[in-house]
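Student: Submitted below is the structure of interest, expressed as structure tokens.
The values are calculated or read from the model by the stated rules, or taken from the named source; none is laboratory data. These numbers come from a predicted model, not from an experiment. As a convention, Cβ positions derive from the backbone with ideal geometry for all residues, glycine included, and neighbour counts pool all protein chains shown.
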């Protein structure tokens, strides 16, 4: 009873403190939620300290040429996984935690539909502590009560488990559940993500090009050979020119490939002096980004890409 009383006191004293997982959604404030979904098929067993040390020693012994060959091989394997996501096994379930934000005016008119924004964090926020998702991006921004007052999107910020990458099919299932439960405008569903979440944003747009009104991948990348599925998808991608983790060429190559394929709805912003962590500028200092997203609309199913 003491814990419950303390929680209640904190929420009354600090109305924009994120609510604990499982509480009822409160318009104007992020609330932690959980849902049972088919399990993420991209989970791999964690490596032991000895295995990690052996891998570091092996890589340290590679010549620069051998290292470049290995990087190219790993990049291809990564792109293959993003292009052809592993299917879900409906018989294997897991609990997925996520932050849910309903706009402050959500309950004022029960007939209104709202745009939805799916936010995908980077690798550093994986795990089982949902608070870590609030470190960056829209999930962080919505802790600011001034932003929360006027934020126009139903916002969903899930957490990826440890030792896993985002699963496009699982994220699609999460969106299905959210759209069934809340008043989401089906033609104004957008996705954004940073780093690992930037790669996943590309993957979702490629897997479901008709589903999303817009996509905003930040310091991510994808396979340029897959550009044909994305020519009609509004995409605005951001990258730091000095990024040592994900080369800026990954965004440049994707944008160039989409444009060569006939795409005219893709935009690229490169920050010449930024490294990997360029997302605070993109998210927090680019108000026109949110205006641009609100202007986009998804088309009729099947109209963007025909096999």
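Student: For region 59-70, does any single residue satisfy the condition of being in a loop (DSSP other than H, G, I, E, B) and either surrounded by fewer than 11 Cβ atoms within 10 Å (Cβ to Cβ) or in contact with a strand residue (DSSP E or B) (Cβ under 9 Å, 6 or more places away or on another chain) (or both)?
Tutor: yes
Student: Select, from 161, 209, the only residue that is more than 17 Å from residue 80 (Cα to Cα), touching a helix residue (DSSP H, G or I) at 6+ places or on another chain (Cβ under 6 Å) and surrounded by fewer than 24 Cβ atoms within 10 Å (Cβ to Cβ).
Tutor: Sole residue among the options that is more than 17 Å from residue 80 (Cα to Cα), touching a helix residue (DSSP H, G or I) at 6+ places or on another chain (Cβ under 6 Å) and surrounded by fewer than 24 Cβ atoms within 10 Å (Cβ to Cβ): 209.
Student: Looking at region 156-170, which of its residues are closer than 16 Å to residue 130 by Cβ and modelled with pLDDT under 95?
Tutor: Result: 161, 162, 164.
Student: If you scan region 228-255, which residues turn out to be in contact (Cβ under 8 Å) with a residue 24 or more places away in the chain, touching a strand residue (DSSP E or B) at 6+ places or on another chain (Cβ under 9 Å), in a helix (DSSP H, G or I) and over 16 Å from residue 75 (Cα atoms)?
Tutor: 230
Student: Return the residues of region 214-247 that are within 12 Å of residue 278 (Cβ to Cβ), over 16 Å from the mean Cα position of the chain (by Cα) and crowded, with 23+ Cβ neighbours inside 10 Å; say none if nothing qualifies.
Tutor: Matches in region 214-247: 240 only.
Matching residues to (1) part of a helix (DSSP H, G or I); (2) touching a strand residue (DSSP E or B) at 6+ places or on another chain (Cβ under 6 Å):
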| site | (1), (2) |
| --- | --- |
| 140 | yes, no |
| 143 | no, no |
| 148 | yes, no |
| 156 | no, yes |
| 161 | no, no |
| 164 | no, no |
| 175 | yes, no |
| 187 | no, no |
| 190 | no, yes |
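Student: Here are the criteria: (1) part of a helix (DSSP H, G or I); (2) out of contact with any strand residue (DSSP E or B) (no Cβ under 7 Å at 6 or more places or on another chain); (3) free of Cβ contacts under 8 Å to residues at least 60 places away in the same chain; (4) buried (at least 17 other Cβ atoms within 10 Å of the Cβ). Tell me which single one residue 180 does not satisfy.
Tutor: With (1) part of a helix (DSSP H, G or I); (2) out of contact with any strand residue (DSSP E or B) (no Cβ under 7 Å at 6 or more places or on another chain); (3) free of Cβ contacts under 8 Å to residues at least 60 places away in the same chain; (4) buried (at least 17 other Cβ atoms within 10 Å of the Cβ) applied to residue 180, the lone miss is (4).
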